[in-house]
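These notes are about the structure you will find just below.
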Amino acid sequence: MMGRKLMEALFVLPVAVLAACGGDVAGTEQAVELGENTQGVLYAPPSPASGNILDSTTHLGSVNLGSAVQTSFTTNPQYYSFKVQVPASSLVSLEVTHLGSSMYLDTGLFVYGPKNASGSYGTTVLAQDDDAGYGQLSKLASVPLTQPGEYLVVVSAGSGSGKQFRLQTGCVGGGCSTLAPAPAGYQLTLTEQAITSQLQSTLATGEAAYHYTSGSLRRFDFAWPYSGEPTLAQADAAVFGFQEYQEYGYDAGTALTYAQLYGYLYSEFQPLHAQILSTYGNGVENVQVMTHYYTRLVAPGASGWFRLNVILFPQSRKVIVFEQTAYET
C-alpha cells in the first residue's frame, strides 16, 4: 500500500525537491507572500488500524537534517510524511517556512517514532504544532529526540489543495547530539491524561468480576529534554509526590520487568497487561515496573491488600500507574 501511495505522489504531485540547509530549493524558493487567516485548525492524520501512522499518510521519501523539501498539496485534507534520520540526544528544529509557502496556507506539523523493529512509527505524537510559525504556518523550534533512529515528520493541511509548502529541517545550535544530561536530583513532572476507551472497558470488566477486588488505572506524561533516559527511581518518586499514594512509601518496592508484572496482577486484571504495552509502548523500549505492597486492617477482623505498580515507558515518556486492592470477605 505504501508503494501505491508513493507512485501516486510521484505522478500526481510536483516532485519534492531537497536542498542543503541555507540553499535554494532547486531554484524554486522564491518568497510567496502569505496572508493572515483568522482561524487555524490542526489536522492530525487519522490513527490507522495497523497502528503505524505511516499508513495514514502519503509518503514522499527521506529528508536529511539540515535540508529542505518543497511540494504542493493536491486534495483536502492531505497528510504528507517524510522520514528523517536522527542521531542520539538531538535537538531538532522543523518549520514550514514563510519563504516558499503559498498565501493563506494553514498547516499542521507532527513528529512520530522512532521506527521500531517491525518497521512501525506507532501513533504516538512526540511533538506537534498548528501555527507557531508565520501566519498559520507550523513551527517546532526545539524537539528533544533522545533516541537515535528514523522518525516520521508529517505536514498536513485541511484546505491546502493547489498550494505549496516548504519544510525546513535542522539541528538546534547547528549540530545534533547537543542534549545535556539531566541535572542531579532532577524530578519528573507528571501530567495526567485520560486512558483509552479500550483500557477503560477492560478495567471495568475486571472490576465487575468480583465484589471484593478493585483496580485503578492512570496515565501520566512527562517531558524529558535531556540525554539518556529517565530512571525507574525518578518515575517512582514522582508518583509518590501524589498524596493518595504516600502510604505505599513504607515499602521500598520491588523492581520488575514488564513480563514479570503479569504474575503480580489478579487474574481479572491480567488482560490489561498486553493492552497497556501495545497502547503506550513503541515496541523497542525497556519498559520497567516498580511494585509496592502493604496490608492493613480496614474494619474489625477484616484486612485489605493493596498493591501499587508504577510502569515507566522511558522512550514514550509515560508513567502508567495501576493499583489493585482486595478485601477480606
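Values computed for the structure shown
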| quantity | calculated |
| --- | --- |
| Search result, residues across the stretch 44-70 that are in a loop (DSSP other than H, G, I, E, B), in contact (Cβ under 8 Å) with a residue 24 or more places away in the chain and not hydrophobic (A, V, I, L, M, F, W, C) | Pro45, Ser47, Pro48, Ser50, Gly51, Asn52, Thr57, Asn64, Gly66 |
| Extreme residue, farthest from Ser227 (Cα to Cα), among residues of the stretch 130-139 that are modelled with pLDDT of 95 or more and crowded, with 21+ Cβ neighbours inside 10 Å | Leu137 |
| Any chance Ala141 is at negative phi, under 23 Å from the mean Cα position of the chain (by Cα) and assigned to a loop (DSSP other than H, G, I, E, B) | no |
| Count - residues of the stretch 219-257 that are in contact with a helix residue (DSSP H, G or I) (Cβ under 8 Å, 6 or more places away or on another chain), part of a helix (DSSP H, G or I) and not aliphatic (A, V, I, L, M) | 1 |
| Options Ala209, Ala238: the member that is free of Cβ contacts under 8 Å to residues at least 60 places away in the same chain, among the aliphatic types (A, V, I, L, M) and out of contact with any Ser or Thr (no Cβ under 7 Å at 6 or more places or on another chain) | Ala209 |
| Check on Thr107, within 30 Å of Thr75 (Cβ to Cβ) and touching a helix residue (DSSP H, G or I) at 6+ places or on another chain (Cβ under 7 Å) | no |
| Members of the stretch 276-301 that are closer than 11 Å to Ile311 by Cβ and free of Cβ contacts under 8 Å to residues at least 60 places away in the same chain | Leu277, Gly281, Val287, Gln288, Val289, Met290, Thr291 |
| Where a residue in the stretch 258-275 is outside any helix (DSSP H, G or I) and its partner, wherever it lies, is open to solvent by less than 40 Å² (accessible area, probe 1.4 Å) and not charged (D, E, K, R), with Cβ under 6 Å and at least six apart | Tyr266/Thr213; Tyr266/Gln324 |
| Candidates Phe240, Phe165, Phe222 - the one that is touching a Lys or Arg at 6+ places or on another chain (Cβ under 8 Å) and either surrounded by 13 or more Cβ atoms within 10 Å (Cβ to Cβ) or of a type in the set (Gly, Ala, Ser) (or both) | Phe222 |
| Selection within the stretch 217-239 - modelled with pLDDT of 95 or more and in contact with a Leu (Cβ under 9 Å, 6 or more places away or on another chain) | Leu217, Arg219, Phe220, Thr231, Leu232, Gln234, Ala235, Asp236, Ala237, Ala238, Val239 |
| Near pairs, Cβ below 6 angstrom, 6+ apart or cross-chain, from the stretch 94-123 (farther than 28 Å from Gly162 by Cα and open to solvent by less than 20 Å² (accessible area, probe 1.4 Å)) to any residue that is at pLDDT below 90 and in a strand (DSSP E or B) | Pro114/Gly149 |
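The values are calculated or read from the model by the stated rules, or taken from the named source; none is laboratory data. Since this is a predicted model, take the numbers as computed values, not measurements. In this analysis, Cβ positions are derived from the backbone assuming ideal geometry, glycine residues included, and neighbour counts consider all displayed protein chains. The protein model used for the area step is the full one, side chains on, heavy atoms only, and it has no ligands, DNA or RNA in it. Shrake-Rupley method; radii C 1.70, N 1.55, O 1.52, S 1.80 Å.
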